[in-house]
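This report concerns only the one structure given below.
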Amino acid sequence: MAIEIRQIGPCFAGEVEGLDMTKPLSSDNADAIHAGMDEYAVLTIREQPMTPEQQMAFTLSLGEIEPASRASLRDESDYRLPSTFQDVSNLDKDNKPMERYDRRRLFAIGNRLWHSDSSFKKIPAKYSLLHAISIPSKGGDTEFADMRAAYDALDEETKQEVEGLVCEHSQIFSRQQCGFFDLTEEERERFAPARQTLVRTHPVTGRKSLYLASHAGGIIDWPVPEARLFLRDLIEHATQRQFVYAHKWRVGDLVIWDNRQVMHRARSFPVDEPRDMRRTTLAGDGPTVADKAA
Ligand code: OGA
Ligand code: MN
């Protein structure tokens with residue numbers, strides 16, 4: 001069956017209908033999803049229960065998975081899911097919500113700051129696919145900001161100013177913003193910054209977007225305070241209501257977003273309630289900044 005994609009109200013995101021996630025994705029439907037992603041940058045697929053194997057099979061039919069890496073403070077011995085998944089839940093290995101002061105939780109809730117996944121890696125992520133297994137009684141939305149519209153809405157002078165700028169991204173910088181400094185030497189080394197251009201051009205549509213994230217903690221050749229304040233202004237601009245789609249989760253939803261074209265953030269929810277969210281991630285094509293050493 002062919003899928004249909006329609007825009008969600010006045011928001012930029014699209015909703016996919018007519019997909020059965022328990023069946024392999026046909027190549028026509030895979031093409032339609034890619035075309036939908038190029039156009040809408042965020043696609044939702046409502047209320048489709050699926051196993052981790054089905055989520056992985058669906059992800060692989062859209063491209064190559066991002067190499068597994070430890071981007072959280074969970075030990076590998078704590079993992080509830082295969083290492084090819086990002087466990088975005090608030091649950092420990094026994095499926096219990098982590099304690100309020102658990103440092104793994106305090107690090108993880110940094111995703112309540114606007115960000116783009118893996119912008120702190122040399123080759124940042126293409127799509128993220130997030131599936132809801134259980135959701136809290138209130139809160140816990142995920143919001144998405146359209147960075148193409150945000151770019152388009154800049155005045156000419158700012159467009160010129162951002163062109164060619166390169167930022168340094170690290171989870172150390174985003175966690176500093178929420179007052180989390182409690183990292184070991186090993187963690188600091190693991191979270192060493194990566195460089196990203198501030199403006200990206202989409203390889204298919206040719207549209208430009210601002211490539212921002214709370215992980216961005218500096219601009220090359222700029223004083224740090226000036227860079228941080230400039231980046232803060234840009235994020236404030238880019239996340240005005242008219243650029244934002246808020247996803248209210250239902251159990252079984254899958255949301256796919258293009259990290260090259262949107263930022264996202266999680267919203268808070270009651271600390272003692274389980275929220276089980278599982279992410280698979282597609283690898284990006286390459287670095288956004290040419291490697292001078294190469
Ligand atoms: C993610 C993420 C937000 C959420 O999966 O990368 O930031 O609402 N998730 O859980
Ligand atoms: Mn994220």
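Mind checking the full-extension length gain between residue 60 and residue 160? Use 0.36 nm per residue of separation minus the Cα-Cα distance, one decimal, nm.
32.2 nm
Compute a Gaussian network model of the chain, connecting alpha carbons closer than 10 Å, and tell me which residue from 17, 143, 186 fluctuates the most.
Largest GNM mean-square fluctuation: 186.
Relative contact order of region 4-293, please, whole-number percent, based on alpha carbon pairs below 8 angstrom and at least 6 residues apart.
34
Three principal axis extents, largest first, for the C-alpha atoms of the chain, in Å?
Principal extents (Cα only, largest first): 50, 43, 40 Å.
Roughly what % antiparallel, to the nearest 5, for the DSSP beta bridges in the chain?
95
Go ahead and estimate [θ] at 222 nm for the chain from helices alone: -39,500 (n - 2.57) per DSSP H run with n ≥ 4, summed, over the residue count, rounded to 500.
Per the formula, -6500 deg cm²/dmol.
Using a simple charge model, +1 on the beta-carbon of Lys and Arg, -1 on the beta-carbon of Asp and Glu, nothing else, what dipole does the chain show about its Cα centre, in debye to the nearest 20?
With Lys and Arg at +1 and Asp and Glu at -1, about 480 debye.
What's the magnitude of the charge dipole for region 51-137 around its Cα centre, counting Lys and Arg as +1 and Asp and Glu as -1 at the beta-carbon? Answer in Debye, nearest 20.
Roughly 340 debye for region 51-137.
Quote the FRET efficiency, to the nearest 0.05, computed for residue 177 versus residue 93 with a Förster distance R0 of 41 Å and r equal to the Cβ-Cβ distance.
0.90
Could you work out the relative contact order of region 41-114, using alpha carbon pairs under 8 angstrom and six or more residues apart, expressed as a whole percent?
Dividing the mean separation by the residue count of region 41-114 yields 22 percent.
Have a look at 212, 183, 254 and report the one farthest towards the positive end of the charge dipole of region 160-265, computed about the Cα centre with Cβ charges (Lys/Arg +1, Asp/Glu -1).
254
Using Cα pairs closer than 8 Å and at least 6 residues apart in sequence, work out the relative contact order for region 24-160, in percent.
Relative contact order of region 24-160: 17 percent.
Which residue fluctuates most in the GNM of the chain (Cα springs below 10 Å): 173, 181, 85?
In this elastic network of the chain, the residue with the biggest mean-square fluctuation among 173, 181, 85 is 181.
Considering the options 244, 150, 201, tell which one lies farthest towards the positive end of the dipole of region 145-249, charges being +1 on Lys and Arg and -1 on Asp and Glu at the Cβ, about the Cα centre.
So the residue furthest toward the plus end is 244.
Between 132, 194, 71, which gets the highest mean-square fluctuation from a Gaussian network model of the chain, Cα cutoff 10 Å?
Judging by the Gaussian network model, the answer is 71.
Take the alpha carbon gyration tensor of region 169-258, find the square roots of its eigenvalues, order them as a ≥ b ≥ c, and report rounded if a/c is under 1.5; if not, report prolate when a/b exceeds b/c, else oblate.
Judged from the Cα gyration tensor, region 169-258 comes out oblate (a/c at least 1.5, b/c at or above a/b).
Any read-out appearing in this document is the output of simple, stated calculations on the displayed coordinates, not a laboratory observation. Just so it is clear, the model here is predicted, and its values are computed rather than measured. Glycine also receives a Cβ, built like all others from the backbone with ideal geometry; neighbour counts cover every protein chain displayed.
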